[in-house]
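Here's the structure, in structure tokens; my notes come after.
The values are calculated or read from the model by the stated rules, or taken from the named source; none is laboratory data. Because the structure is predicted, anything quoted here is derived from the model rather than measured. Here the Cβ positions follow ideal geometry from the backbone for every residue, glycine too, while neighbour counts run over all protein chains shown. These accessible areas exclude ligands, DNA and RNA; they are computed on the full protein's heavy atoms, side chains included. Shrake-Rupley method; radii C 1.70, N 1.55, O 1.52, S 1.80 Å.
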Amino acid sequence: ILQVHAAEKPLGDDVDLKRVAQTTAGFTGADLENLLNEAAILSAKGGRRFIRQADIDQAFVKVGIGAEKKSKVISEKEKKITAYHEAGHGILFHVLPDVGPVHTISIIPTGMAGGYTMPLPGEDKMYMTKLYMEQEIVSLLGGRAAEALVIKDVTTGASNDIERATAMARGMVTRYGMSEILGPIQFGEDSNEVFIGRDWGHTRNYGEAVATTIDEEVKRIVMGAYNEAIRILQENMEVLHASAK
């Protein structure tokens with residue numbers, strides 16, 4: 001599909017469509033067309049008559065995350081915090097076998113984020129295993145763990161990471177039957193209809209005792225992952241400092 005959309009676009013010798021395919025796992029044909037069009041625009045803005053790999057990489061960030069905000073003024077303190085936060089994610093993506101490897105790390109504000117760490121998926125995933133989801137939650141909490149270890153404080157920068165980690169842990173417990181205590185049972189019924197007095201698109205079909213157990217299981221998964229992130233970063237503290245620097 002990439003070759004189809006690249007057919008009429010001059011590509012530089014350094015462009016590797018196989019690598020582009022790896023980084024765009026899950027993209028639709030329209031997404032791939034948009035990616036190469038953005039790369040062509042970047043190339044034209046740079047006064048080049050061909051597309052470089054760097055143009056495609058930059059276009060991928062814009063399409064997947066948002067436009068870089070290089071004009072935004074950031075203090076050295078916030079740069080340092082962002083660098084440690086993203087390095088924390090990067091080390092965990094590198095160490096944990098099922099979620100990496102790392103493709104790009106940036107501390108340039110992009111979209112709504114202060115920076116980002118992008119893994120390199122090797123293939124499209126039809127299924128997510130319990131082990132993969134556990135490791136994904138660990139890697140999501142790497143930024144918060146790095147902040148706590150290095151600056152001895154925490155920031156609002158991990159809010160999206162925490163939201164995603166919590167949602168994944170709750171899904172493991174309530175949708176995918178991955179809790180050994182609660183077993184292979186779905187809790188809650190998804191519904192497209194919304195009624196007054198009910199959760200948006202979600203009906204609770206269990207009692208308070210089960211609700212308490214669900215909350216305890218979600219907390220156990222998330223806190224266990226956070227403690228694992230702390231442990232791994234403590235073992236790789238020299239790498240964390242070097243990467244952030």
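Overview of values
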| item | result |
| --- | --- |
| Highest-first arrangement of 206-215, 161-170, where packing means the average Cβ count within 10 Å | 161-170, 206-215 |
| Probe 1.4 Å, all protein chains present, accessible-area order of GLU217, GLU180, largest first | GLU180, GLU217 |
| Restraint check, LYS18/LYS69; LYS9/LYS79; LYS9/LYS130; LYS9/LYS69; LYS62/LYS125; LYS18/LYS130, Cα-Cα greater than 31 Å | LYS9/LYS79; LYS9/LYS130 |
| For the chain, radius of gyration divided by Kirkwood radius, i.e. Rg to Rh on alpha-carbons | 1.03 |
| Pairwise centroid distance, computed over Cα atoms, of segment 26-42 with segment 54-104, Å | 20 |
| With DNA, RNA and ligands ignored, accessible area of MET223 (1.4 Å probe; Å², nearest 10) | 90 |
| Whole-Hz ³J(HN,Hα) from phi, Karplus 6.51 cos²θ - 1.76 cosθ + 1.60, for segment 213-228, glycine and proline x | 5, 4, 4, 5, 5, 4, 4, 4, 5, 5, 5, x, 5, 5, 5, 5 |
| Shape box of segment 134-175 [Cα atoms, principal axes, largest first, Å] | 37, 18, 10 |
| Cα centroid of segment 205-245 to Cα centroid of segment 107-170, whole Å | 11 |
| Cα→Cβ-extended label distance, 7 Å offset, between ASN227 and GLU78, nm | 3.5 |
| Residues with amide H under 5 Å from that of LEU11, placed H, sequence gap 5 or more | ILE51 |
| With Cα atoms, 0 to 90° folded angle of helix 76-95 axis to the chain main axis | 80 |
| Segment 6-122 pair-distance distribution - Cα-Cα, 5 Å bins, rounded % | 2, 11, 19, 19, 20, 14, 10, 4, 1, 0 |
| Area of SER75 that stays accessible when all protein chains are in place (1.4 Å probe, Å², to 10) | 60 |
| Pairs of alpha carbons in segment 76-170 whose separation is greater than 17 Å (percent) | 49 |
| Estimated Rh, segment 45-103: Kirkwood, alpha-carbon pairs, angstrom | 14.2 |
